[in-house]
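Working notes, structure below.
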Amino acid sequence: MSQFNAPFEIHVHGDLPLREDVAYEQIQEALKPLWQYAGARSLAAAAASSYEDEPGIRVDQEAHVLQICWTVAGDEDFRQTMEEACMGLNEISAAGAPLEVSFYDTEYDEEDPAEGEEARDDFVMFFVGPTPAAIMQTQRDLLVQDVVHVMERHFDAAELGDVVGAIDQLFTQRFDALVNSMQLGRPPRGHGGSGHGGPRKPRHLH
């Protein structure tokens, strides 16, 4: 992907627990779709973010955690690149984790927008993990956190047990369906989350 005239600044953020036996070469191979997208020949060459005040892509060797706070110029095709990277990260992960991907419209002039023009900003959440169960557990925990946060504005936390129970039931049904599909020889449909649009927000640092 050419860095020139790219319609989006794409920010990837997340911390992924790694298996203790994972070597740097395996991390580089898993992230190959990302560093190749950035036009680099290695992970080290692409690890720095487009913004100097962002950590970029780093590996905490002591904690066995892959830390990503990285911005790259790109287009909508980056979604497929993330899907490919997540497949590789599943193989080296020790637990489930979310990866947030934000698309910021570089062609939108916030100070002087054209009449009727809206920013094409978007946000997508991807989930990675060593097993489908670990991925679903991460999805479930994040959803419960979000729902409880919203509903606590109106209800006490003690009143939300039934809501959390309903979410758990939905995920149990989804997991049972996944297990049944695998037993029938049909692989799961994937690991990525669905994206959703929203109002334009300033690019933020983590």
Provide Rg and Dmax in Å for the range 134-183, with only Cα atoms included in the calculation. 12.9, 43
For each of 104, 37, 24, count neighbouring Cβ atoms within 10 Å of the residue's Cβ, then give the residues from fewest to most. 24, 104, 37
Using the Cα atoms of the range 17-108, I'd like the radius of gyration and the largest Cα-Cα distance, Dmax, both in angstrom. 13.1, 45
In what sequence do 136, 125 fall when counting other Cβ within 10 Å, fewest first? 125, 136
Residues with beta-carbon under 14 Å from that of residue 43, excluding residue 43: net charge, scoring Lys, Arg +1 and Asp, Glu -1? +1
Each residue of the range 123-133 in order: what ³J(HN,Hα) in whole Hz does its phi give by Karplus 6.51 cos²θ - 1.76 cosθ + 1.60, θ = phi - 60°, with x for Gly and Pro? 9, 10, 10, 10, 10, 10, x, x, 9, x, 5
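Coordinate-derived values only; no laboratory data. Source: prediction; values computed, not measured. All Cβ positions, glycine included, derive from the backbone under ideal geometry; neighbour counts span all protein chains shown.
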